[in-house]
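Notes follow once the structure below has been shown.
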């Protein structure tokens, strides 16, 4: 197991803030490989590190009052250990209620694969899914992962030609979303979430799942409709709780117990809009730059987005925007939970897990 350095005074996550404005600090440091992805659930933090040439790729979990834990176990027997993480950006989700992490691995080549894997803390890795697509973009694609409480899920789509024979003979090569959905992952198994269709981005909170429906294939990948909807469903039954109507294309979403936040692009103006997570009522909005990264993190009080090397916070009370923090050019991931904003910064083979108290 690789050594991870803890910043002095930060062994307990819920430590009191220093006097004055909160400052960004390094929560953990990875010395032998960059940090690929980060996730939070309540007071627990998870991060995915590359082992480089010296060790295994690993998932780390930190919770208050406990020493850092590493999974899967045993490391050397896992597919993850020696995986080439440069073949695609891995995703990570963690569900504290079932002490289980879900992550992705990717393989390029003539027939690319997307793998979904899971492991409980202290337990072995298992392959949850292998999604295969051709070099022309047809086939199964992994979309997103999400975790919260006892909810852990991934979404996927199957993109196919409307008429493959016509395409091969020089005719129309239009494509459609042929299949897809959301799969719920437990500590020991998985099952499709009923009553939902093909899905893109996911977010989970308070037993609910928000997702962007996949409705079209404009190029090689499924996409959402312009001026469509973002749905919030029950995380067990899949029953629809509400649909939020958005202008433009939903590029990123975040879900809290009270709010659904959506970053919309290619509409009249790019903006972040927030809705009631139970009724779909629009509660507020804020205009943002067209260069905003398609990624959101949120609590009931604050929505965070990134523009270049700056993190901005949007108040859900009045829509005001303020600078939250500056990041390195190599910033990875964005997570907000338990009044803590989290992301990773990498330089060479050294990764830093950065944290900032938000309230």
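The values are calculated or read from the model by the stated rules, or taken from the named source; none is laboratory data. Please read all numbers here as calculations on a predicted model, not as lab measurements. Reconstructed Cβ throughout: ideal geometry from the backbone, glycine too, with neighbour counts over all protein chains shown.
Hey, can you tell me all the residues within segment 297-335 that are more than 18 Å from residue 359 (Cα to Cα) and either at pLDDT below 95 or surrounded by fewer than 21 Cβ atoms within 10 Å (Cβ to Cβ) (or both)? Write out each step before concluding.
Our first condition is that a residue be more than 18 Å from residue 359 (Cα to Cα); within segment 297-335, this holds for 306-310, 327-333.
307, 308, 309, 310, 327, 328, 329, 330, 331, 332, 333, listed by residue number.
Filtering segment 114-148 down to residues that are assigned to a strand (DSSP E or B) and in contact with a helix residue (DSSP H, G or I) (Cβ under 9 Å, 6 or more places away or on another chain), which residue is farthest from residue 294 (Cα to Cα)? Please lay out each step first, then the result.
Step one: of segment 114-148, the residues assigned to a strand (DSSP E or B) are 114-120, 126-133, 139-148.
Remaining after also requiring in contact with a helix residue (DSSP H, G or I) (Cβ under 9 Å, 6 or more places away or on another chain): 120, 147-148.
Details: 120: 30, 147: 19, 148: 21 Å.
If we take residues in segment 114-148 being assigned to a strand (DSSP E or B) and in contact with a helix residue (DSSP H, G or I) (Cβ under 9 Å, 6 or more places away or on another chain), then 120 is farthest from residue 294 (Cα to Cα).
Being part of a helix (DSSP H, G or I) and surrounded by 13 or more Cβ atoms within 10 Å (Cβ to Cβ) is the filter here; which residues of segment 165-206 pass it?
166, 167, listed by residue number.
Quick check on my filter: what residues within segment 57-82 are farther than 23 Å from residue 151 by Cβ, in contact with a strand residue (DSSP E or B) (Cβ under 9 Å, 6 or more places away or on another chain) and in a loop (DSSP other than H, G, I, E, B)?
Across segment 57-82, the qualifying residues are 57, 68, 73, 75, 78, 79, 81.
For segment 23-56, enumerate the residues that are within 19 Å of the chain's Cα centre (by Cα), at pLDDT below 95 and crowded, with 22+ Cβ neighbours inside 10 Å.
50 - this is the single residue of segment 23-56 that is within 19 Å of the chain's Cα centre (by Cα), at pLDDT below 95 and crowded, with 22+ Cβ neighbours inside 10 Å.
Name, by its number, the condition in (1) under 23 Å from residue 143 (Cα atoms); (2) part of a strand (DSSP E or B) that does not hold for residue 29.
Failing condition for residue 29: (1).
Kindly evaluate residue 346 against the criterion of being surrounded by 14 or more Cβ atoms within 10 Å (Cβ to Cβ), within 16 Å of residue 92 (Cβ to Cβ) and touching a strand residue (DSSP E or B) at 6+ places or on another chain (Cβ under 9 Å). Give the steps one after another, and end with the answer.
On the way: surrounded by 14 or more Cβ atoms within 10 Å (Cβ to Cβ): yes; within 16 Å of residue 92 (Cβ to Cβ): yes; touching a strand residue (DSSP E or B) at 6+ places or on another chain (Cβ under 9 Å): yes.
Against the criterion (surrounded by 14 or more Cβ atoms within 10 Å (Cβ to Cβ), within 16 Å of residue 92 (Cβ to Cβ) and touching a strand residue (DSSP E or B) at 6+ places or on another chain (Cβ under 9 Å)), residue 346 qualifies.
Looking at segment 85-105, I want the residues that are modelled with pLDDT under 95 and have a partner that is surrounded by 20 or more Cβ atoms within 10 Å (Cβ to Cβ) with Cβ atoms under 7 Å, at least 6 apart or on another chain. Which pairs are those?
Pairs found: 85/36; 85/50; 85/57.
With the condition kept exactly as written, say whether any residue in segment 288-296 is in a strand (DSSP E or B) and either touching a strand residue (DSSP E or B) at 6+ places or on another chain (Cβ under 7 Å) or within 25 Å of residue 226 (Cβ to Cβ) (or both).
Going through segment 288-296, the residues in a strand (DSSP E or B) turn out to be none.
The answer is no; no qualifying residue exists.
Look through 257, 294, 250 and report the one residue that is surrounded by 24 or more Cβ atoms within 10 Å (Cβ to Cβ) and within 23 Å of residue 153 (Cα to Cα).
250
Identify all residues within segment 83-113 that are in contact with a helix residue (DSSP H, G or I) (Cβ under 9 Å, 6 or more places away or on another chain), surrounded by 15 or more Cβ atoms within 10 Å (Cβ to Cβ) and assigned to a loop (DSSP other than H, G, I, E, B); write none if there are none.
Listed by number, the list holds a single entry, 112.
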